[in-house]
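A quick write-up on the structure given underneath.
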Amino acid sequence: MSPGAQRVESLDVFRGFAVASMILVNNPGSWDHVFEPLQHSAWNGCSFADVVFPFFIFILGMAMPFAFARRVQPGRARTALYTHIARRTAVLIVLGIVLNIAEAPGAPVRIPGVLQRIALVYFATSLIVLHTRPRQRIPIAVVLLVVHWALLALVPFGGVPAGAPTPEHNFGAFIDLWIFPGHLLTPLGDPEGLVGTISTVGTALLGTAAGDWIRRRQPMRSRVAGLLGGAGVSLAIGLLWAIVWPLNKPLWSGSYALFTAGLAGFAFTACYLLVDVMRIRAWGRPFVWLGANPLAIYFLSGLVGDLFEQPVLSAGAGGTMKTWVFWEVLEPRIGAALSEEWASLAFAVALVVVSLAVAGVMYRRNIRIQI
């Protein structure tokens, strides 16, 4: 069996780990009590919370060579595949907006979001993969990262000369405020805005390079060495670039894209060695369940999290189920014994466990929701 035909289980494990981490980071019991690694950097910097989304984007790209190899056959029209890509993109955008509405019912609808960013990256990366050869994709990623840097660092806007981006003054926010006025996460802009999608596609393309490498006919040692070498180069260039172009998730700066892609490459290689080389798989089974329906479970967890934030009479005047669970159940037990941060983490872990359980039931019943 050729490498391209093999089932690489570590792809599902790593995808599931990324989604589980996103759920963990997005659902603390109280945003006022969160361990520092689980908080997003306010601007420049990179915490654990800042790497989980790039990990998912990287594995999204990495899976494309495998997925398209099954769908693209010589001499076969690609119309159905283009329709599938367009439909999936539209569904993800709609579901993302639904989550935004559920998060703030009655407020102006936020247009950008995590699922919307995934949708646009999936659409653009899919078309690039379908119309280029593997050796062309890293150069395209480099061009995208340089173009993104040039837009943010060199283009004047709003009557102000170009300069180092700040939360109050950056080209990405300027574009988003112009296109989506009143429909962003904050009055200053949105971390999942349009301009950042350019460099995020670069992250996905770096993932496709890793996927292409794994699919090649070559000894296992060469596959692992190539993954480690590519990850090391990406991480090193990202860190060097960060000296003058800081790591920044809200902007998805080029240094951040390269640095997090390098981390993702190292993390995936460790997963690949354990799962597909050494066959140590028991620990990863829950992540396999989640990796089989990643976006469906992410959407459901987000919807449940949003519903927990809505006021309910049983939680007291103006209270929510989330505040009741945290302050009446977890904080008196875990918070009193340890700290409010541990109680807040326990709430997030509980939601991850429930998500894994739901994913496990779906997996055993062979339910696959292809969002």
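The residues listed here are A292, A343, A348; of these, the one that is within 17 Å of V25 (Cα to Cα), at pLDDT 85 or above and either in contact with an Asp or Glu (Cβ under 8 Å, 6 or more places away or on another chain) or among the β-branched types (V, I, T) (or both) is A343.
Selection over segment 1-34 of residues that are within 20 Å of A359 (Cα to Cα) and part of a helix (DSSP H, G or I) gives a count of 18. Somewhere in segment 230-239, is a residue hydroxyl-bearing (S, T, Y), assigned by TED's automatic domain parsing to the domain that holds L99, surrounded by 23 or more Cβ atoms within 10 Å (Cβ to Cβ) and closer than 30 Å to R70 by Cα? Taking every residue of segment 230-239 in turn, at least one turns out to be hydroxyl-bearing (S, T, Y), assigned by TED's automatic domain parsing to the domain that holds L99, surrounded by 23 or more Cβ atoms within 10 Å (Cβ to Cβ) and closer than 30 Å to R70 by Cα. With respect to the stated conditions, V52 is closer than 21 Å to A296 by Cβ and either at pLDDT below 95 or in contact with a Ser or Thr (Cβ under 7 Å, 6 or more places away or on another chain) (or both).
Close contacts from segment 322-344, counting a first residue that is of a type in the set (F, W, Y) and a second that is in a helix (DSSP H, G or I), with Cβ to Cβ under 8 Å and a gap of 6+ residues or different chains, come to W324/S314; W324/A315; F326/A343; F326/S344; F326/F347; W342/I334; W342/G335. Taking the criterion of being hydroxyl-bearing (S, T, Y) and either more than 23 Å from the chain's Cα centre (by Cα) or assigned to a loop (DSSP other than H, G, I, E, B) (or both), the only residue of segment 83-123 that qualifies is T83. In segment 279-301, is there at least one residue being over 23 Å from the mean Cα position of the chain (by Cα), surrounded by fewer than 20 Cβ atoms within 10 Å (Cβ to Cβ) and not basic (K, R)? Yes. In this structure, T125 does not satisfy being without any contact (Cβ under 8 Å) to a residue 60 or more places away in the chain and among the polar types (S, T, N, Q). For beta carbons closer than 8 Å, sequence separation of 6+ or different chains, a first residue in segment 132-145 that is touching a residue at least 24 places away in the same chain (Cβ under 8 Å) and farther than 15 Å from S255 by Cα and a second that is among the aromatic types (F, W, Y) and part of a helix (DSSP H, G or I), there are no qualifying pairs. Suppose we keep only residues that are at pLDDT below 95, closer than 16 Å to R15 by Cα and of a type in the set (A, V, I, L, M) within segment 351-371. Which one would you say is farthest from the chain's Cα centre (by Cα)? Here the residue is I369.
List every residue pair whose Cβ atoms sit under 7 Å apart, with the two residues 6 or more apart in sequence or on different chains, where the first one lies in segment 102-122 and is touching a residue at least 12 places away in the same chain (Cβ under 8 Å) and the second, anywhere, is assigned to a loop (DSSP other than H, G, I, E, B) and hydroxyl-bearing (S, T, Y). From segment 102-122, no pairs qualify. Within segment 35-66, the set of residues being closer than 18 Å to G113 by Cα and in a helix (DSSP H, G or I) comprises A49, D50, V51, V52, F53, P54, F55, F56, I57, F58, L60. Just one of (1) in contact with a Phe, Trp or Tyr (Cβ under 6 Å, 6 or more places away or on another chain); (2) more than 20 Å from N26 (Cβ to Cβ); (3) at pLDDT 85 or above trips up A315, so point out which. So A315 meets the others, but not (3). The residues in segment 158-180 that are over 22 Å from A257 (Cβ atoms) and more than 25 Å from the chain's Cα centre (by Cα) can be counted, and the count is 5.
The values are calculated or read from the model by the stated rules, or taken from the named source; none is laboratory data. Computed from a predicted model, the values in this text were never measured in an experiment. Using ideal geometry, Cβ is built from the backbone for each residue, glycine included, and neighbour counts are taken over all protein chains shown.
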